[in-house]
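Chemist: Following this message is one structure expressed as C-alpha cells.
No lab work stands behind these numbers, since they all come straight from the coordinates. Because the structure is a prediction, the values reported are computed rather than measured. So basically every Cβ, Gly included, is an ideal-geometry build from the backbone, and we count neighbours across all protein chains shown.
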Amino acid sequence: MAIQELNIQITGMTCGHCVNAVRSAIEELDGIQSVQVELNSGKGVLRIDNLQVSTEQILNQVNEMGAYHAEIVPQ
C-alpha cells in the first residue's frame, strides 16, 4: 500500500447534488481511501493507494461524467 494525498480542481459543480455525484463516482474506484469535495472552491482532496488507482483513472472517472472537469492541482 502506498498512500498518497491528491489535490484536484473540479469545475462544473453547481449544487450539493453535483458534489455527491462526483464524490460517489470517485469512491467507486478501487484504491480510494477518502474523498472530500468542496462546492464553493471546487477543490477535491483525496487519499489514494497509488498502487491500486492512478491519477489518470480518477480524472477520467470525473471527466467522463460529462458535466464536470477535473485536473490535478500542483502541490
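Chemist: With an 8 Å Cα cut-off and a minimum separation of 6 or more residues, compute the relative contact order for the chain in percent.
Modeler: The value is 43 percent.
Chemist: Please list 4-15, 44-55 highest first by mean number of surrounding beta-carbon atoms within 10 Å per residue.
Modeler: Taking the mean over residues of other Cβ atoms within 10 Å, the ranking is 44-55, 4-15.
Chemist: I'd like the orientation of helix 16-27 relative to the chain: the angle between its Cα long axis and the longest Cα principal axis, in ° from 0 to 90, rounded to 10.
Modeler: Between helix and principal axis, roughly 20 degrees.
Chemist: Give the Rg/Rh ratio for the chain, taking Rg as the radius of gyration of the Cα atoms and Rh as the Kirkwood radius, to two decimals.
Modeler: Value, to two decimals: 0.93.
Chemist: Follow-up. To the nearest 20 Debye, how big is the dipole of the chain about its Cα centre, given +1 on the beta carbon of each Lys and Arg and -1 on that of each Asp and Glu?
Modeler: For this selection, approximately 220 debye.
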